[in-house]
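Have a look at the structure below, then the notes.
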Amino acid sequence: DTAVSQTPKYLVTQMGNDKSIKCEQNLGHDTMYWYKQDSKKFLKIMFSYNNKELIINETVPNRFSPKSPDKAHLNLHINSLELGDSAVYFCASSQRVAADYGYTFGSGTRLTVV
Amino acid sequence: QKEVEQDPGPLSVPEGAIVSLNCTYSNSAFQYFMWYRQYSRKGPELLMYTYSSGNKEDGRFTAQVDKSSKYISLFIRDSQPSDSATYLCAMSASGDYKLSFGAGTTVTVRA
């Protein structure tokens, strides 16, 4: 049973489209995150929710909007996709804070904007 | 200057060699240090977790933290082709939700 699962795994879409990525965790963790990994493998935090409350909102274009309906789910909606949005997006969760034995990551969503 | 610096490599070693990876950081508040391993087209998985300064060993893996120098290391003994992956260091301060990552070092172990 996958601990942190993301869908879809792959997403190819045209510029200007709107798309969503979904994430679910069954670990009972309180905190969930979205990270973006660029082509050089650098992981950059985008958002974090703790018990459905937004606690981290890094400098991300307004076209990106996270939503957490409950503490086990965190979705990411992206409007008006641009070429530069092409990357791998990872969902992660932690018990509470990052120091609580770090994060558990999902397997990633590879987004390609053409 | 980035908060966490890690040489991206790539690093190529023969099977059985010792792999040495390291990161430096600038934030003296960091107290929790981790190493993640990421195989191609997979998510990062936690490999080692340490608190404050000192060493930790787990099988062929040893993590070292030197807070006075703001320097952390990961050693892989008797490296195997299955160790070929990208290794990312990560760290956080007490009470922080955010993990700060290094850029990752890509390691290839040649059979």
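The values are calculated or read from the model by the stated rules, or taken from the named source; none is laboratory data. Source: prediction; values computed, not measured. Methodologically, a virtual Cβ is constructed for each residue, glycine included, from the backbone with ideal geometry; neighbour enumeration extends over all protein chains shown. Quick note on the areas: whole protein, heavy atoms, side chains included, nothing else; ligands and nucleic acids left out. Shrake-Rupley method; radii C 1.70, N 1.55, O 1.52, S 1.80 Å.
The rows are residues; the columns are (1) under 28 Å from A:Arg96 (Cβ atoms); (2) assigned to a strand (DSSP E or B); (3) not aliphatic (A, V, I, L, M).
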position	(1), (2), (3)
B:Asn27	yes, no, yes
B:Glu57	yes, yes, yes
B:Ala63	yes, yes, no
B:Ser68	no, no, yes
B:Leu74	yes, yes, no
B:Thr86	yes, yes, yes
B:Ala90	yes, yes, no
B:Asp96	yes, no, yes
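In segment A:23-108, which strands (runs of 3 or more DSSP E) lie fully inside it and hold 1 or more residues that are within 11 Å of another protein chain (Cβ to nearest Cβ)? Give the derivation first.
On the way: elements: A:31-37, A:43-50, A:53-57, A:64-70, A:73-78, A:87-94.
The strands (runs of 3 or more DSSP E) meeting that bar are A:31-37, A:43-50, A:53-57, A:87-94.
Name the single residue that is surrounded by the most Cβ atoms within 10 Å (Cβ to Cβ) among those in segment B:29-53 being assigned to a loop (DSSP other than H, G, I, E, B) and of a type outside the set (A, V, I, L, M, F, W, C).
Our first condition is that a residue be assigned to a loop (DSSP other than H, G, I, E, B); within segment B:29-53, this holds for B:29, B:39-44, B:52-53.
If we keep only those that are of a type outside the set (A, V, I, L, M, F, W, C) as well, we get B:39-44, B:52-53.
Values: B:Tyr39: 12, B:Ser40: 8, B:Arg41: 11, B:Lys42: 14, B:Gly43: 21, B:Pro44: 29, B:Ser52: 10, B:Ser53: 14.
The selected residue is B:Pro44.
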**Request:** Kindly provide the set of residues from segment B:1-28 that are within 14 Å of chain A (Cβ to nearest Cβ), open to solvent by less than 50 Å² (accessible area, probe 1.4 Å) and either free of Cβ contacts under 8 Å to residues at least 60 places away in the same chain or of a type in the set (A, V, I, L, M) (or both), ordered by number.
**Result:** B:Val4, B:Leu21
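Taking segment A:4-22 on its own, how many of its residues are assigned to a loop (DSSP other than H, G, I, E, B) and within 12 Å of chain B (Cβ to nearest Cβ)? Talk me through it step by step, then tell me what you get.
Of segment A:4-22, the ones assigned to a loop (DSSP other than H, G, I, E, B) are A:8-9, A:14-18.
Now narrow it down to the ones that are within 12 Å of chain B (Cβ to nearest Cβ): A:9.
So the answer is 1.
How about segment B:11-47: which of its residues are of a type in the set (D, E, K, R) and under 22 Å from A:Tyr35 (Cβ atoms)? Outline the logic, then answer.
Filtering segment B:11-47 for residues of a type in the set (D, E, K, R) gives B:15, B:37, B:41-42, B:45.
Matches in segment B:11-47: B:Arg37, B:Arg41, B:Lys42, B:Glu45.
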